[in-house]
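The values are calculated or read from the model by the stated rules, or taken from the named source; none is laboratory data. Keep in mind the model is a prediction, meaning the values are calculated, not measured. Reconstructed Cβ throughout: ideal geometry from the backbone, glycine too, with neighbour counts over all protein chains shown. Each accessible area value is taken on the protein alone, full model and side chains, heavy atoms only, with ligands, DNA and RNA left out. Shrake-Rupley method; radii C 1.70, N 1.55, O 1.52, S 1.80 Å.
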Amino acid sequence: MKRYPILEVCARIDGHEVQHQMLQAYCKTFDDWQGLLESAEHEGMAPLLRKHLLEAEIDIPVSVKRSLAVLYKRHQHNAEVRLQVIENVLQIFNDNKIQSILIKGSALCTSLYADPALRPMRDIDILVSE
């Protein structure tokens, strides 16, 4: 998969002015929006890409803006479902006196991210006692 410096600039939760300036510079002559979207989704960064492009007020093609909005809605829905599943599983563990702790993305999506949709995941990691 092709490497995009734009994604590297977006690989943080919170944006800042220098980051916005870098994005604006990268996007001025950028033209591989479809490749960027595919790479962002593959890397689990589409929601962060959307967030940072919007915050930096980057003028992007309408089709890209729509695609990012659709991807964000999908990740938002997935995050809601995932959080409900996590809550149910942890309750079952608790009811059965099984010690457990969320790890990796499962722990980070609610502790570091104000919006769990910004942290797409493909699995749920829970460490349990023997």
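Quick one: is Phe93 in contact with a Ser or Thr (Cβ under 7 Å, 6 or more places away or on another chain) and open to solvent by 30 Å² or more (accessible area, probe 1.4 Å)? Working first, answer last.
Working: in contact with a Ser or Thr (Cβ under 7 Å, 6 or more places away or on another chain): yes; open to solvent by 30 Å² or more (accessible area, probe 1.4 Å): yes.
It is true that Phe93 is in contact with a Ser or Thr (Cβ under 7 Å, 6 or more places away or on another chain) and open to solvent by 30 Å² or more (accessible area, probe 1.4 Å).
Does Ile60 meet the test of being touching a helix residue (DSSP H, G or I) at 6+ places or on another chain (Cβ under 8 Å) and farther than 29 Å from Ser111 by Cβ? Here the answer is yes, as Ile60 does meet what is asked. Contact annotation: residue pairs with Cβ atoms under 7 Å, 6 or more positions apart or on different chains, pairing a residue in region 115-130 that is within 22 Å of Glu43 (Cα to Cα) and modelled with pLDDT of 90 or more with a partner that is assigned to a helix (DSSP H, G or I) and of a type in the set (Phe, Trp, Tyr), are Ala117/Tyr72. Please go through region 22-61 and give me each residue that is farther than 26 Å from Ala79 by Cα, of a type outside the set (Asp, Glu), free of Cβ contacts under 8 Å to residues at least 24 places away in the same chain and open to solvent by 70 Å² or more (accessible area, probe 1.4 Å), ordered by number. If the condition is that a residue be farther than 26 Å from Ala79 by Cα, of a type outside the set (Asp, Glu), free of Cβ contacts under 8 Å to residues at least 24 places away in the same chain and open to solvent by 70 Å² or more (accessible area, probe 1.4 Å), then Met22, Tyr26, Lys28, Thr29 are the ones that fit.
Among the residues of region 62-90, those identified as touching a residue at least 40 places away in the same chain (Cβ under 8 Å) and open to solvent by 50 Å² or more (accessible area, probe 1.4 Å) are Gln76, Asn78.
Scan region 97-121 for residues that are more than 30 Å from Leu36 (Cβ to Cβ) and open to solvent by 100 Å² or more (accessible area, probe 1.4 Å) and jot them down.
The initial filter retains those residues of region 97-121 that are more than 30 Å from Leu36 (Cβ to Cβ), namely 97-103.
The answer is Lys97, Gln99.
Conditions tested, residue by residue: (1) modelled with pLDDT of 95 or more; (2) of a type in the set (Asp, Glu); (3) within 24 Å of Met121 (Cβ to Cβ).
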position	(1), (2), (3)
Ile13	no, no, yes
His16	no, no, no
Gln76	yes, no, yes
Leu102	no, no, yes
